[in-house]
Amino acid sequence: MSSSRPLILVTNDDGILAPGILALAEAVAPLGDVVVCAPETERSGSSHAITLHSHLRVDEVRPGWHRVNGTPVDCVYLASLHLCERRPALVVSGVNPGYNLGSDVFYSGTVGGAAEGFIRGASAMAVSVHARESPRVAIPVVRTLARQLLAQPSLSLLNVNIPWISHSAPPPEGPPEVLAEGLPIVITRLGARPYVEQVERRQDPRGMAYFWIGGPPRDAGEHEGEDTWAVKRGFVSVTPLVLDITAPDLSPWQAMFSGATVQVDPRGDE
C-alpha cells in the first residue's frame, strides 16, 4: 500500500459475503487504499457490542479482505489497531439492506461499526438502502460523501440513508449506480421510527417453546428535516451523529437534586 494515499476501512454487519460490502469497497477504491474487515456471519442488530470475554479469529479470505468471528465493532477495533498498517482515515460501514432511521441507530450493527471507527480517530459513515434496492445505487453517493470527508481536517460521523429509486414506474434505465445521479443530498435529524411491539410465542418441532420478538415498522408520520421525511421524498438523508448522549439541558435534574446528599437509612422505606 502507498502511504501517500488515505487508508479506508470497510466493514458491515451482514457478513463478509454480503453483496453490499462489495459495492461499498468498489465505491471507495478510487479514493485510497482499502482494507475490508467484516464479520464471518450476519450480526445485524448488534449495535456497539464488543467481544471482551472470548477469543477472536481472523481469516484473510483474499488479499486485503478479512473475516472475523465477532461483531462489527470487533472488526473495526481489530483492523484499526492490528490488521491495518496505519490508522484508517475513513471507515465506511454497509451497504445495509434496509434503512437505519430514527431510533434504529441505537440497535444497528452498521451504525455501530461506523461509530467505532469514529472512536478510533477516523471519519466514518454508515450507509443503508431500501431492503429491495440494489446496494450498487450507493456507489456514487458514498464516493461523493467520502471525498468530502477525506478533504476535511475535522472528524465526522454520518448516518446515510438512500431512497428507494428503482421502484418508480416506469423503471429508470441503466445500471443501478446510474440511478442515483442527481439525487439531492439533505442534512437531517433523526426522526421517529416506531415498530409494532410484540412478543410471539412459538413451538419448535420438539414441542419446546421459543419466542420471536419485535414487529415491523409502523408509520408515525414525519416532519420536514427528519431522516424519515427525506427518504420518503427521494432525498439522500445524511444525519450527523455525536456520541455524547447527555441530556442537552441539565437544569431540571440540577433542580431535582439541589442540595441533595447521600443518606444511609438501614430501615429503608419502613
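Throughout, read-outs are computed from the coordinates displayed, never taken from laboratory work. All values derive from a computational prediction rather than experimental measurement. Counting neighbours? That spans all protein chains shown, and the Cβs are built from the backbone with ideal geometry, glycine included.
Applying a 4.7 Å Cβ-Cβ cutoff to the chain leaves Cys84 as cysteine residues with no disulfide-compatible partner. Taking a sphere under 15 Å around the Cβ of Ser47 and counting the other residues whose Cβ falls inside, with K and R at +1 and D and E at -1, yields a net charge of -4. Per-residue extension of 0.36 nm, minus the Cα-Cα distance of Glu224 and Glu173, leaves a gain of 15.4 nm for this segment. Between Arg147, Arg87, Arg120, the GNM of the chain built on Cα springs shorter than 10 angstrom shows Arg147 fluctuating the most.
Counting Lys +1, Arg +1, Asp -1, Glu -1, what net charge surrounds Ser80 among other residues with beta carbon under 12 Å of its beta carbon?
Surrounding charge for Ser80 is 0.
I need the calculated FRET efficiency for the pair Ser4 and Phe257, taking r as the beta carbon distance and R₀ as 51 Å, to the nearest 0.05. Plugging the Cβ-Cβ distance into 1/(1 + (r/R0)^6) gives 0.40. Peptides 55-68, 249-262, 123-136, 209-222 ranked from most to least packed, by the mean per-residue count of other Cβ atoms within 10 Å: 123-136, 55-68, 209-222, 249-262.
Is the shape of the stretch 208-270 rounded, prolate or oblate, going by the alpha carbon gyration tensor and its root eigenvalues a ≥ b ≥ c, with a/c under 1.5 for rounded and a/b larger than b/c for prolate? Cα axes put the stretch 208-270 in the oblate bin. The Kirkwood radius of the chain, taken over pairs of alpha-carbon atoms, gives through the Stokes-Einstein law at 37 °C and 0.692 mPa s a diffusion coefficient of 163 µm² s⁻¹. Can you bin the stretch 1-151 into rounded, prolate or oblate? Criterion: square roots of the alpha carbon gyration tensor eigenvalues sorted a ≥ b ≥ c, rounded for a/c under 1.5, prolate for a/b above b/c, oblate for the rest. Here the stretch 1-151 falls in the rounded category. With a simple spin-label model that places each label point 7 Å from the Cα along the Cα-to-Cβ direction, the separation between Leu17 and Ala192 comes to 4.1 nm. Can you tell me what share of the DSSP beta bridges in the chain is antiparallel? A percent to the nearest 5 is fine. Given both bridge residues lie in the chain, the antiparallel proportion sits at roughly 35 percent. Under the convention that each Lys and Arg Cβ holds +1 and each Asp and Glu Cβ holds -1, the size of the dipole of the stretch 174-270 around its Cα centre is about 360 debye.
Considering only Leu7, Gly70, Leu56, the residue lying farthest towards the positive end of the dipole of the stretch 1-88 is Leu7, judged by Cα position with unit charges set on Cβ. Under a model in which nothing but the beta-carbon of Lys, Arg (+1) and Asp, Glu (-1) is charged, the stretch 96-227 shows a dipole of about 400 debye around its Cα centre. Of all DSSP bridge pairs formed entirely within the stretch 59-183, close to 20 percent run antiparallel. Projected label points at Ile50 and Ala131, each 7 Å from Cα along the beta carbon direction, are separated by 3.1 nanometres. For every other residue with a beta carbon closer than 12 angstrom to the beta carbon of Asn96, add +1 if it is Lys or Arg and -1 if Asp or Glu, then tell me the sum. Summing Lys and Arg as +1 and Asp and Glu as -1 gives -4.
Taking each DSSP H run with n ≥ 4 as -39500 (n - 2.57) and averaging over every residue of the chain yields -6000 deg cm²/dmol at 222 nm.
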